[in-house]
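Peer 1: I'd like to ask you about the structure that follows.
Just so it is clear, none of the values below were taken in a lab; they were calculated from the coordinates. Keep in mind it's a predicted model, so treat the numbers as computed, not measured. Neighbour counts are summed over all protein chains in view; Cβ atoms, including those assigned to glycine, are modelled from backbone coordinates with ideal geometry.
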Amino acid sequence: MKPLFAKGPSLSVRLLAFTVLSAVLMVVDARFDALKPVRSQLGLILTPVYWITDLPLRAWEGISEQFASRSELLAENQKLKAEALLLQRRLQKLATLTEQNVRLRELLNSSALVDDKVIVGELIGLDPNPFTQRIIIDKGARDGVFVGQPVLDASGLMGQVVEVMPYFSRVLLITDVTHSIPVQINRNGLRAIASGTGNTEYLELRHVAETADIKVGDLLVSSGLGQRFPAGYPVAQIKEVNHDSGQPFLQVRAEPTAMLNRSRYLLLVFNDSRSPEERASAAAEAQLRADGKLSEPVAPGPAGSKPAEPVADEQEPQP
């Protein structure tokens, strides 16, 4: 009589058999292409299973997005509105600055209002040599630029032209180690020599006597000695004065008033050889023209003479 339930192989024998079969299948799949169609069919069959198992996660993400916090959305909306307002303000300010820049450049080109003739140049490059302090500007020999010409920005003296090409020039900054400029303290007229250090942040005043009347905050202006730079232009401001009892001279450092690392538009100065009377006459004429009271240029008279009377815009016909 047969038993009702036949006894099969033990569990360990089955595990061993499946293990061997799995190893054989992996070796065959790695070495041969015979199982590629089978693997493709299995992937097609298991695709719905993958989609179903991923369904809860995708559903949870969708629900989370639908029920996002209303306060967070309002806060983000307020932030975006504030940023848009700031950008609009900057745009308006840029438009205002552009118009102001045009007016200032026109004023600077009206050189009759100042003692010296100037033209406006623009910085177009920096000298690649790290051991020099030089810049390149867009004015050259075609514009009348000459070697040794002083260069300023809106805040003070920057340097001088050292090389002139037809359409551009190189300018040596006052902070270059090879550059020195005669200066005087605006407060008391004390003369000194300001030398470059290779650092755009400061200049050094060398051979200043220990007893010299110099203080932190004093303004240094060009003295005009040497006939290279016009007198009276701001150069630097004293930032540090060190007294060393063992040294015969003071250690003085000054910060340039010109924005050497930031200025883009520069002034090239032409020395004015006119007499003070001629300068005053030209300045008065330019002021009258700016006020709309003068229609035609007035020919300069001899030195010491009074400015010519303004010409009326319209004259009555003579009978």
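Peer 1: Just to check, using Stokes-Einstein with a Kirkwood Rh over alpha carbon pairs, what's the diffusion coefficient of region 118-270 at 37 °C and 0.692 mPa s in µm²/s?
Peer 2: Calculated translational D: 209 µm²/s.
Peer 1: Using the Kirkwood radius built from alpha carbon pairs, what does the Stokes-Einstein equation give as D for region 125-177 at 10 °C and 1.306 mPa s, in µm² per second?
Peer 2: 143 µm²/s
Peer 1: Once the Cα gyration tensor of region 185-266 is found, what semi-axes does its equivalent ellipsoid get, as square roots of 5 times the eigenvalues, in whole Å, sorted largest first?
Peer 2: 22, 15, 11
Peer 1: Based on other C-beta atoms within 10 Å, arrange Ile63, Ile137 from fewest to most.
Peer 2: Ile63, Ile137
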